[in-house]
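Take a look at the structure set out below.
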Amino acid sequence: MAESHNEFLSSDLTQNLKIIEEKMKQTADLKRRKLTFHGEAIILLYLDTMTDKESIELHIIGPINKQESESIENTLGTKQFSIMTTYKDISSSIAEGNTILLTENCNIAYSIATLSDEKRAVNESLNEKVTMGAHDSFVESATTNISLLRKRLRTPEFKVEYQTYGTDTNVEVAICYLESKVDQTVLHSIKSRLEKIKNDDLINSRQIQEALEDYPYSPFPQSLRTERPDRAVFNLLNGNTVIFLEHEPSAVITPISFYSFLRSPEDYNSRWFVNFFYYSLRLLAFILSVTLPAFYIAVNAYHSAILPVSTFYTLKLSVMNVPFHPFVEAIMMQIVLELLKEASVRLPSAVAQTIGTVGAIVIGSAIVQTNFISNTMVVVIAVTAVSSFVIPIGEMSTSMRLMSFPLIFLAAIFGFIGIAFGLMVYTTHLVKLTSAGKAYVEAPKIFQSFLNTQPKNGKGEDTNAHE
Amino acid sequence: MKTNSRKIIILLFIFPLLTGCWDQKLIVDQEVMNGVSLDLEDNKVKSTIVVLNIIPKGTNFFDFKNQMSSATGYSLEDTYRELRTYYTGPLTASKSRIILLGESFAKKNLNAYLDFFYRVPDPYLGSKVAIVKGVEASELLSTKEIGTNPVAFGLYEIIEAAEDNSTVTKGTLNTLFTYFNEEGKDFILPILEKNEGNILVSGAGLMSHNGYSGQMISLKECSLLLLIMDNYGELVDLETYMNDKKKLNNQVSYRILKAKRELDLKKDASGKPMVDIHLDLKVLLHQYPITEKISSKQIKKLEETISRDLTKKSQSIMKKTQKANSDVLGIGRELKETDPAAWKALDWRETYPTIKINTRVEVAIEKTGILK
């Protein structure tokens, strides 16, 4: 009984203050401000570190001091507020950056939204650059991100749902979709999957992705994370769902198909044959980055009979004085490459350039001159790496590069048969994979996607022709 | 249950590792033979192989050396076993360019000997096969280089050029195999000769019964033979004396633009097969010693001269094939296809030299080059 009594605000201001401060664990950044309003004492409580002090001054303290109206509700009229009665609500409201207004002899409190929204300006995406097309990207605020989508999708069909997850983190998650396009069963399954993370501490998008994944042990990303609003909009129009996490500058798109990872928003912005060429190039890059090192090893160790004679002697010349098995060579070179890549990502950009030079000159040419790794192997691994970097989505690019390792191993033990076996396993896995219940790899609708379905204007009918 | 599956997984990993890489053939270790020559010596086979060793001399520079070795034995495998011991790595024929046959060896039933190259997948079926006349086949391989190419590559290219110039039919070890197993059709092989240190294709050797007949068609007649065989290369150039006098600059030469051959298999009164070959040529005149304008009358005359000359030549070529008992045209196969009963009744090896082969060549000059 005493417990339930303590839950609600009492009329005793000092008692209330004491309990709230206790609930907030007497944190040092909890500030209180004492004011008087028509002779009654008023206490403002807010977290110094999260609130917009200017807004408190302007919209709360100012009107109260001027005593513009009889009631507090009318005085706060310009500001959005809600009324609270329990300590629990009040303390979580403070934690969200609101200001609590308590009055003497009153058992209700006003919670006024004063969260300072300091956010990054909308900039160009660093990770998904394009030469043609929009140069805006998502920022660390879900509302800004949704506004970026709304700007492109001015339709009432565009629906946003908010959910709060994580018992400690209390992070807002926004699920956006086009009501008319989305598959209701898929949407339902996405929502029920998100329920699973209710009790976890949600911090980053990866956790959302994990909750959405059907096959957590698969090397392939089953939802696409993008920083580009145009990509998100394109997927929304295709009936997919876009999920934002507050404080994360990326959108998680699900369900997604494998081919979407090979697509760049630029594609839809260029002529069909340019589009076709680059899409094919990326498909080739995918095949190369997965199989090329394995293929080279298999040829080197088992199947040199398939080489034309001139190629054979070129190869023989380059591997002549290398003391290692091609498998060891490949692994060494792959590791060197990953090291260089990782080092240049971590370092500030000025130093990263140095790493590039060191990588190219020192390691690239010196390693060949010292006969540790053959010339051809350097070429093979470089081509593999470059083709994996062609893939527009970083997540997929990395998993592709890593997927070549098992094939390298199989090729070193079994030759071509090993590669065939490995590719069989990969293909089976890809075909079996689903993303939010939908097939990950479908028969590609290449021609439908390239051919513009818009009605053609005949030359004579073109109204612009007269101008 | 869990421990069982774990055991199985461990075994799956261990087995491939324990078996080792028994079939691994690293490029570095491989010794690749480029040329093979086969001779007959005191009723034994003498095989000679040449292995190209590349010697790196710093980046982008290298030198090569031919390592040649021979062995004799009663079979190819016999010699091969000995040859293997001369080299530092596993010996492979996967990059062999050329197989040279000594004249005496070529007269054996090649199918039975070359079988060695067909059974295992290792040897390169694109290698060229040629007969060496005059010297031992192994002697040709002892040349270090032809032009700037190592010997085996040089020989390969010489033969390839001869094929393009319509001296011999296009052929490799692979096509040879199909000929071996085809009744009623013989084939020709290039003949290599050494002339004052230079190696050249001197003609086409007529094969009979899967062996060299000893007869050859000379370089000048080869192109016509190929036209009759309807199996010519990219470039066919022929020439004819303008009149009977064989004097300086008295030849008209022409390039074949279009050739059409008709082979008509008939039966004579006694039921014996006889063949009419009709060759229709469209040519481009590319050498005519008199640089004045050629009138249409002259062209008519030229056409007649050339046609008469080629008809005569083709008759003699066909005589030669009959003498060598080498049915390079595949008349036997034609008969087998069109009249199996007659084919069965005949012993083709006996019949071919005796049948009547009529040839008729008709030439039409289509172009005279830039000059009229």
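The values are calculated or read from the model by the stated rules, or taken from the named source; none is laboratory data. In this text the structure is predicted, and so the values were computed from the model without any measurement. Here the Cβ is made from the backbone with ideal geometry for all residues, glycine too, and neighbour counts use every protein chain on show.
Counting only residues that are among the small types (Gly, Ala, Ser) and at pLDDT 90 or above, the range A:306-336 holds 1 of them. When the test is whether a residue is over 18 Å from the mean Cα position of the chain (by Cα) and surrounded by 15 or more Cβ atoms within 10 Å (Cβ to Cβ), B:GLU145 does not pass it.
In summary, strands (runs of 3 or more DSSP E) completely within the range A:133-249 and bearing 3 or more residues that are surrounded by fewer than 15 Cβ atoms within 10 Å (Cβ to Cβ) occur at A:158-165. For A:SER365, the test of being within 14 Å of chain B (Cβ to nearest Cβ), among the small types (Gly, Ala, Ser) and under 21 Å from B:ASN53 (Cα atoms) is failed.
Do we find that A:ALA301 is out of contact with any helix residue (DSSP H, G or I) (no Cβ under 8 Å at 6 or more places or on another chain), within 9 Å of chain B (Cβ to nearest Cβ), on the phi < 0 side of the Ramachandran plot and among the small types (Gly, Ala, Ser) in this structure? So A:ALA301 does not fit the description; no. Annotation note: of A:LEU430, A:LEU423, A:LEU407, A:LEU402, the sole residue that is at pLDDT below 90 and either polar (S, T, N, Q) or in a helix (DSSP H, G or I) (or both) is A:LEU402. For the residues A:VAL368, A:VAL380, the requirement of being assigned by TED's automatic domain parsing to the domain that holds A:LEU292, at pLDDT 90 or above and over 29 Å from the mean Cα position of the chain (by Cα) singles out A:VAL380. Scanning the range A:326-355 for residues that are under 22 Å from A:MET400 (Cβ atoms), more than 14 Å from every other protein chain (Cβ to nearest Cβ) and surrounded by 13 or more Cβ atoms within 10 Å (Cβ to Cβ) yields A:ILE331, A:MET332, A:MET333, A:GLN334, A:VAL336, A:LEU337, A:GLU338, A:LEU339, A:LEU340, A:LYS341, A:ALA343, A:SER344. If you go through the range B:209-241 and keep only what is in contact with a helix residue (DSSP H, G or I) (Cβ under 6 Å, 6 or more places away or on another chain), small (Gly, Ala, Ser) and not in a strand (DSSP E or B), you end up with just B:GLY233. Taking the conditions (1) loosely packed, with under 15 Cβ neighbours inside 10 Å; (2) within 14 Å of A:THR51 (Cβ to Cβ) in turn, A:LYS88 satisfies each one other than (2). B:ASP230 meets the conditions (1) within 23 Å of B:ARG308 (Cα to Cα); (2) in contact (Cβ under 8 Å) with a residue 40 or more places away in the chain; (3) among the charged types (D, E, K, R) in every case but one. The failed one is (2). Does at least one position in the range B:188-197 carry a residue that is under 25 Å from B:ALA137 (Cβ atoms), at pLDDT 90 or above, of a type in the set (Val, Ile, Thr) and more than 12 Å from the chain's Cα centre (by Cα)? No, the range B:188-197 contains no residue that is under 25 Å from B:ALA137 (Cβ atoms), at pLDDT 90 or above, of a type in the set (Val, Ile, Thr) and more than 12 Å from the chain's Cα centre (by Cα). Per this entry, A:GLU172 is counted among residues that are of a type in the set (Asp, Glu) and in contact (Cβ under 8 Å) with a residue 12 or more places away in the chain. Checked against (1) closer than 27 Å to A:VAL322 by Cα; (2) away from chain A (no Cβ under 14 Å); (3) in contact (Cβ under 8 Å) with a residue 40 or more places away in the chain; (4) part of a strand (DSSP E or B), B:TYR87 meets all criteria but (4). Contact annotation: residue pairs with Cβ atoms under 6 Å, 6 or more positions apart or on different chains, pairing a residue in the range A:278-293 that is closer than 19 Å to A:ASP267 by Cβ with a partner that is crowded, with 18+ Cβ neighbours inside 10 Å, are A:ARG282/A:LEU262; A:ARG282/A:VAL390; A:ALA285/A:SER387; A:ALA285/A:VAL390. Going by the structure shown, is B:ILE55 among the aliphatic types (A, V, I, L, M) and either in a loop (DSSP other than H, G, I, E, B) or exposed (fewer than 15 other Cβ atoms within 10 Å of the Cβ) (or both)? Criteria met by B:ILE55.
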